[in-house]
Protein chains: 2
Amino acid sequence: MSVDGTPHETTASAEDVRELLGLLAYTQLTASLRYAHDAGATDVLSRRLAFAELAAQEHGRLTVLREHIDQTGGDSLNLLRRYHGVFDEYESRTHADSWHERILKGYIGHSVALDFCRIAVSTAPGVTRELVTTLLVDDRAQDLARDVLEAKITDDHTFASRLALWGRRVVGEALGQVQQVVSREPALARLLSGGAAGSGFTPDSTAPTDEDKQLMAWLYAQLTAEHSRRMDRLGLAA
Amino acid sequence: MSVDGTPHETTASAEDVRELLGLLAYTQLTASLRYAHDAGATDVLSRRLAFAELAAQEHGRLTVLREHIDQTGGDSLNLLRRYHGVFDEYESRTHADSWHERILKGYIGHSVALDFCRIAVSTAPGVTRELVTTLLVDDRAQDLARDVLEAKITDDHTFASRLALWGRRVVGEALGQVQQVVSREPALARLLSGGAAGSGFTPDSTAPTDEDKQLMAWLYAQLTAEHSRRMDRLGLAA
């Protein structure tokens, strides 16, 4: 915090910000292919079209991000390479048994990733921050997940409680995934630290855990709170 | 033919043309999801990106077509519904055993469908014809298929002959699929007949087979010739 009590805006380094954009671009690529897969896995044409539309939207965002990276002195292909495979372990640990489980898993995982990016991007230069904020609006994905899941959740209590359980497992794995990426990439850890400082996180030097652990606990609390709000809106216990 | 020997341009009915655009739109939707699947099924990042790009391109074409249909008095969703599932039987009869087989199959099947559309659209009004002709340029798909398959074909003769065999099976199924759709949809049969007349097909009234069968034989010859040229360019025996 600055002396007058307003959040102190530290400006992140261009290299660190590019790392984040690389992660975000890879996340959009993965989401695009996942939505296309979801589209192909339903025989209901209106849903197939809606998911295909989302897939195209995510690919459009990937393209915008890559252009931004490349035009600001970065190398988007190299950055994507760095994150290639980053979600593989998460994927292998969260094998969905049904189309609805897949939809919920995709929605939860993608939302957690975007929430993380929102926090981490907050100390990036204004242009990048605005670009990312625009790209991260995810109303259509949310509306579609709700549309697909809500009717089944309302009608079938057994299904709803199984799905709630599945949601808890998925979010646990997603949080673990975030922690892994942050500890692997110092640039992301720095951005997170800056973003957290701007959002009210102040380390407690008298606490028994070190600052990194406190930061992670703070991040988990933020991500979990957003997750709970989303599950609430779906009518699922978080 | 007109009296002065130039091709007689019959103008197809708007309803018939819309049927064709519906089929084409559904073909683009299917291609988009297939390319996305191909992208997800390779771990080579540059290829994953290239196929994801193709998927987005096909979805963009679907969107352009739907807008054109809806703005010219049609109902694109209804038209897509009419063709929903039309490739299911073809799909179930051509299960690819490897990623390379999948790529070749997709390339062959999609190319045959587009060649058919090119012939059938030739009596459509100028605006529609130009739109479709622009949309049907498929250089990137062709370049990518070649890029993916060529190295393996050149290096591995056993692989090349297995792939050539597979290509013959796929094109056979694709031609059967075309025939099925044409016989199911009178609008497409009328467009094909008009397009064939404009491309030099003249039924032989002294022949032992009726005009429909002659038309189909002519169509098969056109589609097979294009297919052979494509296989040649890949270095595969058609």
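The values are calculated or read from the model by the stated rules, or taken from the named source; none is laboratory data. Keep in mind it's a predicted model, so treat the numbers as computed, not measured. Positions of Cβ are generated from backbone atoms using ideal geometry, with glycine treated the same way; all protein chains shown enter the neighbour counts.
Key figures for this structure:
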{"read-out": "The one condition in (1) closer than 30 Å to A:F201 by Cα; (2) assigned to a helix (DSSP H, G or I) that A:V137 fails to fulfil", "value": "(2)"}
{"read-out": "Among (1) in a helix (DSSP H, G or I); (2) farther than 28 Å from A:S193 by Cα; (3) away from chain B (no Cβ under 12 Å), the one test that A:V112 misses", "value": "(2)"}
{"read-out": "Unique residue being among the aliphatic types (A, V, I, L, M), under 25 Å from B:G167 (Cβ atoms) and within 19 Å of the chain's Cα centre (by Cα) when the list is B:A41, B:A113, B:A52", "value": "B:A113"}
{"read-out": "Number of positions in region A:41-66 that are aliphatic (A, V, I, L, M) and within 9 Å of chain B (Cβ to nearest Cβ)", "value": "6"}
{"read-out": "Selection status of A:V86, in a loop (DSSP other than H, G, I, E, B) and under 16 Å from A:L33 (Cα atoms)", "value": "yes"}
{"read-out": "Residues being basic (K, R), within 30 Å of B:A151 (Cα to Cα) and surrounded by fewer than 19 Cβ atoms within 10 Å (Cβ to Cβ) - total across region B:76-113", "value": "2"}
{"read-out": "Looking only at region A:8-40, and only at residues there that are away from chain B (no Cβ under 14 Å) and polar (S, T, N, Q), the one that is farthest from B:R48 (Cα to Cα)", "value": "A:T10"}
{"read-out": "Among residues of region B:67-91, those that are under 18 Å from the mean Cα position of the chain (by Cα) and within 14 Å of chain A (Cβ to nearest Cβ), counted", "value": "10"}
{"read-out": "Every pair of residues 6+ apart whose Cβ atoms lie under 9 Å, when the first sits in region A:205-223 and is touching a residue at least 12 places away in the same chain (Cβ under 8 Å) while the second is assigned to a helix (DSSP H, G or I) and aromatic (F, W, Y)", "value": "A:L219/A:F116; A:Q222/A:F116; A:L223/A:F116"}
{"read-out": "Near pairs, Cβ below 7 angstrom, 6+ apart or cross-chain, from region B:1-27 (small (G, A, S)) to any residue that is assigned to a loop (DSSP other than H, G, I, E, B) and modelled with pLDDT of 90 or more", "value": "B:A12/B:A124"}
{"read-out": "Subset of region B:189-224 that is surrounded by fewer than 12 Cβ atoms within 10 Å (Cβ to Cβ) and of a type in the set (A, V, I, L, M) - its residue that is nearest to B:G176 (Cα to Cα)", "value": "B:A221"}
{"read-out": "Criterion: crowded, with 21+ Cβ neighbours inside 10 Å and within 27 Å of B:L149 (Cβ to Cβ) - qualifying residue of B:A41, B:A55", "value": "B:A55"}
{"read-out": "Some residue of region B:179-199 being over 24 Å from B:V17 (Cβ atoms) and modelled with pLDDT under 90", "value": "no"}
{"read-out": "Qualifying residue in region B:92-104 (condition: of a type in the set (A, V, I, L, M, F, W, C) and in contact with a Gly (Cβ under 8 Å, 6 or more places away or on another chain))", "value": "yes"}
{"read-out": "Checking B:R146 against (1) surrounded by 15 or more Cβ atoms within 10 Å (Cβ to Cβ); (2) at pLDDT 95 or above, the condition it does not meet", "value": "(2)"}
{"read-out": "Condition met for A:A124 (buried (at least 18 other Cβ atoms within 10 Å of the Cβ) and more than 21 Å from A:A52 (Cα to Cα))", "value": "yes"}
{"read-out": "Residue within region B:95-109 that is farther than 22 Å from B:A238 by Cβ, assigned to a helix (DSSP H, G or I) and modelled with pLDDT under 95 present", "value": "no"}
{"read-out": "Residues located in region A:195-214, provided they are closer than 23 Å to A:S13 by Cα and either among the hydrophobic types (A, V, I, L, M, F, W, C) or in a loop (DSSP other than H, G, I, E, B) (or both)", "value": "A:A196, A:A197, A:S199, A:G200, A:F201, A:T202, A:P203"}
{"read-out": "Filtered residues of region B:207-228 (kept if of a type in the set (V, I, T) and modelled with pLDDT of 90 or more)", "value": "B:T224"}
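Results for (1) among the hydrophobic types (A, V, I, L, M, F, W, C); (2) free of Cβ contacts under 8 Å to residues at least 40 places away in the same chain, shown as yes or no for each residue.
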position	(1), (2)
B:T133	no, yes
B:K152	no, no
B:V170	yes, no
B:V178	yes, no
